[in-house]
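A short worksheet on the structure shown next.
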């Protein structure tokens, strides 16, 4: 994901985590998210719908630029988390659209 974010013109605030070997090392805490202060939040859960209102309601998240600007987005897991070239084409396209929308917004 980190590479796709960068290819799409964004900056992954947790890029260093992308290099971690196991999934548990890539989990970030609420405090780390607040400290990173992201401008955009993109969610994608396997088998679950992204619920921006639940993300926005997390303790301390009201102060995040992404929350204040309504920049909470979903990229369907079937697009972005699929193996193979689909993530590199459809996933990248979806991410570019979100980032471009934020930049021109």
Leading residue by the ranking (nearest to residue 37 (Cα to Cα)) among those in region 66-101 that are within 13 Å of the chain's Cα centre (by Cα) and touching a residue at least 40 places away in the same chain (Cβ under 8 Å): 99
Can you tell me which of (1) at negative phi; (2) assigned to a loop (DSSP other than H, G, I, E, B); (3) surrounded by fewer than 15 Cβ atoms within 10 Å (Cβ to Cβ); (4) at pLDDT 95 or above is the one residue 38 doesn't meet? (3)
Answer with yes or no whether residue 83 is in contact with a helix residue (DSSP H, G or I) (Cβ under 9 Å, 6 or more places away or on another chain) and either modelled with pLDDT of 90 or more or part of a loop (DSSP other than H, G, I, E, B) (or both). no
Look at region 41-65 and say how many of its residues are assigned to a loop (DSSP other than H, G, I, E, B), closer than 26 Å to residue 79 by Cβ and in contact (Cβ under 8 Å) with a residue 12 or more places away in the chain. 7
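The values are calculated or read from the model by the stated rules, or taken from the named source; none is laboratory data. The structure displayed is predicted, hence computed values, not measured ones. Cβ sites come from the backbone with ideal geometry, for glycine too, and all protein chains shown count toward neighbours.
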